[in-house]
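The values are calculated or read from the model by the stated rules, or taken from the named source; none is laboratory data. Computed from a prediction, not measured in an experiment: that's the story for all the values here. Positions of Cβ are generated from backbone atoms using ideal geometry, with glycine treated the same way; all protein chains shown enter the neighbour counts. To get the accessible areas, we keep the full protein, side chains included, count just its heavy atoms, and leave off ligands, DNA and RNA. Shrake-Rupley method; radii C 1.70, N 1.55, O 1.52, S 1.80 Å.
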Amino acid sequence: MKYWRFCEARESMRRTESGELCDGNAELMRKTAGGDFEAFECLYRRFGPALRHFFAKWGLSAESRAELVQNIFADLWEKRAHFRADSSFETYLFAIARNTLGKEMRRARAAAETGRKDYPEHSGQSYNGLSEPEAESYLKELRVAIKRAVSKLTPGQRQALNAATPWISL
């Protein structure tokens, strides 16, 4: 499901009288940069669900997703004056989200490698919010889906996949 289904962000794109494309979200961000908290709340309502969905696709727990979205919007408010008015707000916001996700993944990997128990995503008791039995069931389903997808590949594609991923037995 595309993240646009979760917000009215696309509806904000319109053409001006001169025919130029106008990004209503960028306009809201310009108002936010001027200190308009209502405009900021509107952006949060529009894009909060889309960001949570974006992070969900990467397997983060609901708690982690909510925390990351909150952190992104807190940073956005603090750095609101740095938004370039000639750029797309969506591109700007999702670049921040991708960078935040990268930082989160590096932090989670470091926590897993050091065996830290204070990081709930990798505590050994759960994986991405799933209990161990749920995670095992999910992995079994994933393996079946992968085998099904690999079986549809041509022999050449399968050979390329095996060469690119030698650590995975397909």
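Listed values, structure above:
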read-out: Close pairs from region 64-87: first closer than 15 Å to GLY102 by Cα, partner open to solvent by 60 Å² or more (accessible area, probe 1.4 Å) and modelled with pLDDT of 90 or more, Cβ under 9 Å, at least 6 apart; value: ARG65/ARG52; LEU68/ARG52; VAL69/TYR44; VAL69/ARG52
read-out: Pair list, Cβ < 9 Å and 6+ apart or interchain, from region 16-41 residues that are at positive phi to residues that are modelled with pLDDT of 85 or more and crowded, with 17+ Cβ neighbours inside 10 Å; value: GLY35/ARG80
read-out: Residue match in region 112-127 (condition: at pLDDT below 90 and in contact with a Phe, Trp or Tyr (Cβ under 7 Å, 6 or more places away or on another chain)); value: no
read-out: Residue that is nearest to the chain's Cα centre (by Cα), among those in region 72-90 that are farther than 14 Å from ALA26 by Cβ and open to solvent by 60 Å² or more (accessible area, probe 1.4 Å); value: ASP75
read-out: Hits in region 73-86 (condition: out of contact with any Phe, Trp or Tyr (no Cβ under 9 Å at 6 or more places or on another chain) and either at positive phi or in a helix (DSSP H, G or I) (or both)); value: ALA74, ASP75, GLU78, ALA81, HIS82
read-out: Enumeration of residues in region 133-167 that are modelled with pLDDT under 70 and either open to solvent by 80 Å² or more (accessible area, probe 1.4 Å) or of a type in the set (Lys, Arg) (or both); value: PRO166, TRP167
read-out: Verdict on GLY59 being touching a residue at least 24 places away in the same chain (Cβ under 8 Å), open to solvent by less than 40 Å² (accessible area, probe 1.4 Å) and outside any helix (DSSP H, G or I); value: yes
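Residues are listed down the side, and each one gets a yes or a no for (1) in a helix (DSSP H, G or I); (2) among the small types (Gly, Ala, Ser):
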{"site": "MET29", "(1), (2)": "yes, no"}
{"site": "THR32", "(1), (2)": "yes, no"}
{"site": "GLY35", "(1), (2)": "no, yes"}
{"site": "PHE40", "(1), (2)": "yes, no"}
{"site": "TYR44", "(1), (2)": "yes, no"}
{"site": "GLY48", "(1), (2)": "yes, yes"}
{"site": "LEU51", "(1), (2)": "yes, no"}
{"site": "PHE54", "(1), (2)": "yes, no"}
{"site": "GLU63", "(1), (2)": "yes, no"}
